[in-house]
Amino acid sequence: MKKCVIVAFVAITAMSLSSVVATAQDQSQSRVHAPALPSRLADAYRGMIVCEKAPGAADILRVPLDLAVRGNEIQFARPLFNPRGTWVLGNELGSGSVDAGGKVQMASTWEVGSIFGRGNYSGTLTARGGTLSGTQSWHGSEDEARTRSCHIALVPAANSQRSETKQ
């Protein structure tokens with residue numbers, strides 16, 4: 001069941017990110033091209049996010065993460081699971097920026113029931129992939145605040161195009 005849910009999430013995310021990528025490609029083709037910048041990135045990346053075991057969770061978090069690059073802006077998505085990791089409860093959706101050198105800053109907020117969460121991640125992207133690290137923090141209505149560290153590894157998505165970052 002968990003594999004079916006993850007496959008369904010990845011398929012849904014890929015469909016939604018493909019429209020983001022198509023829009024970005026259309027916009028980049030309609031603009032006058034500036035001189036070449038030092039860093040060329042793929043327009044979409046896929047990978048995994050791995051986070052420390054949360055209190056009450058069955059195990060560490062290890063789930064797929066998709067990231068789209070549109071100029072110097074990025075968007076990402078990954079599934080949110082129940083503590084046992086058996087049901088998808090929603091999605092962590094976030095955004096951020098990438099500079100000409102590939103330095104990435106991204107953040108997210110999410111809400112599932114009475115639990116409110118925030119993610120902050122940073123790292124580097126290249127044309128061949130990248131790594132990011134950060135933290136997730138959350139709290140419920142009667143819960144104390146929790147924090148855990150996370151690491152993300154990414155590679156260019158299949159059929160990904162190269163895009164230039166803005167300075």
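The values are calculated or read from the model by the stated rules, or taken from the named source; none is laboratory data. This one's a predicted model, so the numbers in the text were calculated from it and none came from an experiment. Note that we place each Cβ from the backbone using ideal geometry, even for glycine, and neighbour counts take in every protein chain shown.
Here ARG78, ARG62, ARG84 are screened, and the one residue that is surrounded by fewer than 16 Cβ atoms within 10 Å (Cβ to Cβ) and either on the phi > 0 side of the Ramachandran plot or assigned to a strand (DSSP E or B) (or both) is ARG62. For ASN91, state whether it is assigned to a strand (DSSP E or B), farther than 15 Å from GLY47 by Cα and in contact (Cβ under 8 Å) with a residue 40 or more places away in the chain. It is true that ASN91 is assigned to a strand (DSSP E or B), farther than 15 Å from GLY47 by Cα and in contact (Cβ under 8 Å) with a residue 40 or more places away in the chain. Looking across region 94-124, the residues that are farther than 18 Å from LEU41 by Cα and of a type in the set (D, E, K, R) come down to GLU111, ARG118.
Being surrounded by 14 or more Cβ atoms within 10 Å (Cβ to Cβ), at pLDDT 85 or above, hydrophobic (A, V, I, L, M, F, W, C) and farther than 30 Å from HIS139 by Cα is a property that LEU41 has. Annotation: of all residues in region 127-136 being surrounded by 15 or more Cβ atoms within 10 Å (Cβ to Cβ) and touching a residue at least 60 places away in the same chain (Cβ under 8 Å), the one that is farthest from ASN72 (Cα to Cα) is GLN136. When GLU92 is tested against (1) touching a strand residue (DSSP E or B) at 6+ places or on another chain (Cβ under 9 Å); (2) among the acidic types (Asp, Glu); (3) surrounded by fewer than 17 Cβ atoms within 10 Å (Cβ to Cβ), just one condition goes unmet, and that condition is (3). A Cβ distance below 6 Å, combined with a sequence gap of six or more or placement on separate chains, defines the contacts here; from region 137-153, residues that are free of Cβ contacts under 8 Å to residues at least 12 places away in the same chain and of a type in the set (Gly, Ala, Ser) reach residues that are surrounded by 15 or more Cβ atoms within 10 Å (Cβ to Cβ) and part of a strand (DSSP E or B) in the pairs ALA145/HIS139. Of all residue pairs spaced 6 or more apart or on separate chains, none has beta-carbon atoms under 9 Å together with a first member in region 103-121 that is more than 10 Å from LEU80 (Cβ to Cβ) and without any contact (Cβ under 8 Å) to a residue 12 or more places away in the chain and a second member that is surrounded by 18 or more Cβ atoms within 10 Å (Cβ to Cβ) and among the polar types (S, T, N, Q).
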